[in-house]
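Below you'll find the structure, written out as structure tokens, and then a few comments.
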Amino acid sequence: MKTTDAVFCGEVLENVVVVGCGDGNILGFNLEDDKCMWGYGADQTGAVHCLKINDDADCCVTGGEIG
């Protein structure tokens, strides 16, 4: 998988891995072909240090440099 920066955290959700990167991005990768399916800028000042996807898989909470 090619990420935008160092990976600080991640979670697996069925066939997708969601990672938090050092540049503040959250990326979603398809585990079958390792391709990035989407990205989201979650932290504008630094790294995403932790993330958690809820049990219904409809919410992702992150923590990072911005607080």
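Using a 10 Å cut-off around each Cβ, can you sort Thr45, Thr62 from fewest to most neighbouring Cβ atoms? Display every interim value, and only then the final one.
Values: Thr45 9, Thr62 18.
Ranking Thr45, Thr62 by Cβ neighbours within 10 Å, fewest first, gives Thr45, Thr62.
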Pull out a ≥ b ≥ c, the square roots of the eigenvalues of the alpha-carbon gyration tensor of segment 7-60, then state rounded if a/c is under 1.5, prolate if not and a/b is larger than b/c, and oblate in the remaining case.
oblate
Roughly how far apart, in whole Å, are the Cα centres of segment 1-22 and segment 45-67?
11
Out of the GluC sites (Glu not before Pro) in segment 1-39, which ones are loop residues according to DSSP with at most 14 other C-beta atoms within 10 Å?
Glu14, Glu32
Of the residues Thr3, Val48, Val19, the Cα lying farthest along the dipole of segment 3-57 towards its positive end, which is defined by charges on the beta carbon of Lys, Arg, Asp and Glu, belongs to Val48
The answer for the net charge of residues other than Gly39 whose Cβ lies under 14 angstrom from its Cβ, with Lys and Arg +1 and Asp and Glu -1, is -1
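Tell me, Cys59, Cys9, Cys21, Cys50 in order of fewest to most beta-carbon neighbours within 10 Å? Can you show the working numbers first?
Values: Cys59 9, Cys9 18, Cys21 22, Cys50 14.
Ordered from fewest to most neighbouring Cβ atoms within 10 Å, Cys59, Cys9, Cys21, Cys50 come out as Cys59, Cys50, Cys9, Cys21.
Could you tally the net charge around Gly22, taking each other residue with its Cβ under 15 Å from the Cβ of Gly22, Lys/Arg +1 and Asp/Glu -1?
On the way: positive: Lys2; negative: Asp5, Asp23, Asp43, Glu65.
Spelling it out: positives minus negatives among the neighbours equals -3.
All of the numbers you see were taken from the coordinates with simple rules; none came from a lab. Bear in mind that the values here come from a model prediction, so they are computed numbers and not experimental data. Note that each Cβ is placed from the backbone with ideal geometry, even for glycine, and that neighbours are counted across all protein chains shown.
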